[in-house]
Every structure is written in C-alpha cells, then in structure tokens.
Amino acid sequence: PILQVTSPGKSPAVAAHEDKKQAILLISDLRQGRVQFQVSSIGGITIQKAKTSREDREGLYDWKFFNALVSPDEESPERLLKVLHDKRTMEKLLQVVALINPDLHKISRYALEQAWRAKEIFDQ
C-alpha cells in the first residue's frame, strides 16, 4: 500500500507525477501471511490467521499485529512495542507522518529517538 498526497484541492489520481509526494506504508519483507477479518453482529472486529494460509512465517506485520490494533488482548502491548522498537518500521511511519503534517513529523521523530535511546540505556 502507498499513501499519496498532493496540494489541497487536487486528487492524487489526476495530479501529475511531479505534483505528488508518496510513501510506501509497510516494509514488504516484514509483511507475512494472510489474514481473515471477522465482524461480529455488534460491529466488533477480530483479525485471525487465515485458515487458507499455507505459510507459517510470521513478521512484525502479521495477523497478530493488526489484531493488536483493532481488538487488543493481553499480548497486544508487547506486540506493539516490538513494532515501536523496530527502527525500519518506524522510519516508514515517519515518512507517512511527514507527508501528512511536517510539524507532527518533527515531534514524532524526537519522541521516537528519545524512546529508542531510553531502551538502549535500559537494555545495558
């Protein structure tokens, strides 16, 4: 998936290439497996590993990650922290944030760098 932005009032679908900025949303070698969405009668969402999936590989962006976002359980904080501490993943996220809001990008980058630094200190 790719996020594209243009100047206000223009559609990325019709804008010229030089008028667009874009960022790939997920790192391809970290995306693994297929997922199955289940929606309950009251609108709750649960994401599970697809029963048709032939591969048993797991990555940061597998069904457990997406389920941690939409239907948190006791393992969700640990799962999300793994993603937070993966610098390649967060660099992708920062690229997306930079497209949406440059000021938020500066704040987010600073906060992440501080979190990464704190983790390095605590891991020693």
Test: residue 93 is closer than 24 Å to residue 3 by Cα and either modelled with pLDDT of 90 or more or open to solvent by 70 Å² or more (accessible area, probe 1.4 Å) (or both): yes
Selection from the stretch 66-92 of residues that are of a type in the set (Ser, Thr, Tyr) and farther than 18 Å from residue 44 by Cα: 89
Testing residue 108 on (1) at pLDDT below 85; (2) more than 12 Å from the chain's Cα centre (by Cα); (3) among the small types (Gly, Ala, Ser), one condition comes back false. Which one is that? (1)
Identify the residue in the stretch 11-54 that is at pLDDT below 70 and β-branched (Val, Ile, Thr) and, among all such residues, is nearest to residue 105 (Cα to Cα). 27
Taking the stretch 55-75 and keeping residues at pLDDT 80 or above and buried (at least 16 other Cβ atoms within 10 Å of the Cβ) leaves 68
Condition first: within 22 Å of residue 119 (Cα to Cα) and more than 12 Å from the chain's Cα centre (by Cα). Now tell me which residues in the stretch 64-78 satisfy that. 74, 75, 76, 77, 78
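The values are calculated or read from the model by the stated rules, or taken from the named source; none is laboratory data. No experiment lies behind these values; they were computed from the predicted model shown. Glycine also receives a Cβ, built like all others from the backbone with ideal geometry; neighbour counts cover every protein chain displayed. Only protein heavy atoms, including side chains, enter the accessible area calculation; ligands, DNA and RNA are left aside. Shrake-Rupley method; radii C 1.70, N 1.55, O 1.52, S 1.80 Å.
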